Structures are given as structure tokens and as C-alpha cells.
Amino acid sequence: MKRSLVLFVFCIVFFAACGSSSSYSPPPPPSQPTSPPKWAGITLNGEEEPLLEGTIWIESGSTDTFWNTYEFRFGGRLIHKRFVSGYGHLPDIYRTWTHTWNREGNTVRMIGENGESFWEGRYYPQTQRIMLTSEDSEGHTYDHTWEPK
């Protein structure tokens, strides 16, 4: 009995000593830089002479199962709606964002997603198209063509 008690105490002391002297700690999770969006806090004011205000545009390449529409509203509000069909076995996805926009002449500018993206392009009255290039806060660029809906 004494021998088991001594062995028991030895094990407790040994494990306590190993646990307290251990200097291992798990590595911290990788940290993401938390810089504000590149165009945060910038608000655009629409247009002085109504041309686009009150119109709805659809992005070229949209289909019956995936589409983006953009509605130019008074005071620089741009309503962006996206629909993605779930093809029957998955739920449909329908999202709406509010962006800000302005037009000077035929140049159109937009700031989206709370300053995450900047869009700039040109309205072509003869072809009824708006052709844009967008850039996100990480520097990726994308080309877009919008047609009246």
C-alpha cells in the first residue's frame, strides 16, 4: 500500500511539474489587416440634369438564372439587385445593395459596397450602353457592360 501511495504521489508531482514548466503555446491565428475600404466615406450626388435617374439597367451576360440590375435613383442612390437561381434543388438567392453614383456629361462613376469598390465608365447614347471598369479595394479590376432593361 505504501508503495502505491508513493507511486501515486510521484506521478502527481511529475505531471504537475511537466505541466507547469511547459512553454508551448499554440500559435496565434493569422491576423488580417483591418484597413478601411479604399473609398469609404465618399458619397456621390447623382446628376444635375436627369438622364439616367429613374432608369434600370441589366448587366450584359445576365440569364434567366443569374442577373444583376442597377436602378439609378435621385440624389445619387444606386440600387443593385442580384438574383441567382437555385435550379430547383437549391434555394434562390436574391440580394440588394445600395451604392452611390454620379454622372458628369457621359462619364458615370459609382462607389459600391460601403467603399469597397469604385466603378467608372461612359454612357453611349447612340448604342444605349454603359461600359464600365470597376476596381475593388485590393486592386482587382473588372469590365462591365450595362444595357437598358
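No lab work stands behind these numbers, since they all come straight from the coordinates. Bear in mind that the values here come from a model prediction, so they are computed numbers and not experimental data. Note: ideal-geometry Cβ built from the backbone for every residue, glycine included; neighbour counts use all protein chains shown.
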Total formal charge among the other residues, if their Cβ is under 14 angstrom from that of residue 101, Lys/Arg +1 and Asp/Glu -1: -2
Could you tell me which of rounded, prolate or oblate describes the stretch 23-149, using a ≥ b ≥ c as the square roots of the eigenvalues of the alpha-carbon gyration tensor, with rounded for a/c under 1.5 and, failing that, prolate when a/b is larger than b/c and oblate otherwise? oblate
Looking at the square roots a ≥ b ≥ c of the eigenvalues of the Cα gyration tensor of the stretch 77-145, which shape do they give, rounded for a/c under 1.5, prolate if a/b is larger than b/c, or oblate? prolate
How long is the gain from residue 137 to residue 60 if the chain were fully straight, where each residue apart is worth 0.36 nm and the alpha carbon distance is subtracted? 25.4 nm
With +1 on each Lys and Arg Cβ and -1 on each Asp and Glu Cβ, how big is the dipole of the stretch 56-148 about its Cα centre, in debye rounded to the nearest 20? 380
